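The values are calculated or read from the model by the stated rules, or taken from the named source; none is laboratory data. Keep in mind that what you see is a predicted model, and the values were worked out from it rather than measured. Cβ atoms come from the backbone with ideal geometry, glycine included; neighbour counts cover every protein chain shown.
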Amino acid sequence: MPKPDFYAKYYPDTPVMREWPFRPRSFGYNRIVPHAKYPTELHPDDHLFSGRNGRILPTVTRVHVVGGRGHFRSLPSGPLEIPRNSVLFVHPNLRHNYNSDAKTGWDDQWLELDADCTLPLMRQAGVTPEHPLRVFNAAPRLSQLFQEMFDRSHVEAFGIEQELAACAYRILAHALVLWQSDAPYVQHFAAVERMRQYLLSDLSSSTSVHSAVDKAGLSASRLRVLFKQATGLSPKQFQLEARIARAERLLVESSLAVSAIADQTGFESVYHFSRQFKRMRGITASGYREAHINAPALN
């Protein structure tokens, strides 16, 4: 059976899904042949727009142009060409307009998400209203993820909206990974990851950052820059945070003395451990243990 030229699902706000993150508000695909009318009139009234006035939505819309080309316009971005293999993020509460090129038409697939969970991840990845578009040489995984969502949406069973929310998150995550794919730390991800794993490999010993640099295979200065771009922390800060996090678990989950925990987390002395713990958590190690042990139990 040939694939239809248009497919869409729309999910209004319901109490069942109100607190569910990454819930899709709509998704689907268009196949617009050259010189065909665009936009079509198959969308519901609150999603229709004219080529002249555009529209404003309270949600985030992620558009993937698989074939053909088109045009996008908003006040922050100005007019943009949308070539094949583009990924476009339309920000919420922003008047915008996009359409296929009359000569080529286009094939596009879209996903509309609530803004609350989506916008922070977009900002972190560097997606802005001024620069909402990227072009990738190939993005077959995106089409595969969309197809899995389309297939799942045909199932009429309780809980399907929650499963579609998981599908939507996978699409968003992959699109944002593609968006960041030209960042320097991404290009050297293997080296950064080797260093990260080495620093986490034995938190009971004082594994040196210099040894970790040797394992990673890049110069120390270059790797430190890339590591901080990827993790937000310097290697030393990353290692220290991991040790303190392990100490928190041991304080709550074991009966070990504070001095033994200091030893198991690689600190040279209990004094050094206690000072770092108080500095980073704002409470003494003993006070942290007491607060969590005496916390009311869940009913």
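Tabulated data
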read-out: Whichever residue in region 143-167 is in a helix (DSSP H, G or I) and charged (D, E, K, R) and, among such residues, is nearest to Asp114 (Cα to Cα); value: Glu161
read-out: Selection within region 104-129 - in a helix (DSSP H, G or I) and either within 19 Å of Tyr38 (Cβ to Cβ) or charged (D, E, K, R) (or both); value: Asp116, Arg123
read-out: Qualifying residues in region 22-46 (those that are more than 28 Å from Ala166 (Cα to Cα) and not aliphatic (A, V, I, L, M)) - the one modelled with the lowest pLDDT; value: Glu41
read-out: Qualifying position, being under 12 Å from His64 (Cβ atoms), out of contact with any Leu (no Cβ under 8 Å at 6 or more places or on another chain) and at pLDDT 90 or above, among Gln162, Gln147; value: Gln147
read-out: Counted residues, region 65-103 - those being of a type outside the set (D, E, K, R), in a loop (DSSP other than H, G, I, E, B) and free of Cβ contacts under 8 Å to residues at least 60 places away in the same chain; value: 9
read-out: Those residues of region 132-168 which are under 21 Å from Leu88 (Cα atoms), out of contact with any strand residue (DSSP E or B) (no Cβ under 9 Å at 6 or more places or on another chain) and either in contact (Cβ under 8 Å) with a residue 60 or more places away in the chain or hydrophobic (A, V, I, L, M, F, W, C) (or both), in sequence order; value: Ala138, Leu145, Ala166
read-out: Some residue of region 142-162 being more than 23 Å from Asp13 (Cβ to Cβ) and under 16 Å from the mean Cα position of the chain (by Cα); value: yes
read-out: Residue within region 120-139 that is within 21 Å of Ser74 (Cα to Cα) and of a type in the set (Gly, Ala, Ser) present; value: yes
read-out: Residue list for region 248-266, filter: farther than 23 Å from Lys228 by Cα and either in contact (Cβ under 8 Å) with a residue 60 or more places away in the chain or under 34 Å from the mean Cα position of the chain (by Cα) (or both); value: Glu248, Arg249, Leu250, Leu251, Val252, Glu253, Gln264
read-out: Test for Tyr185: is it farther than 30 Å from Arg249 by Cα and modelled with pLDDT under 95; value: yes
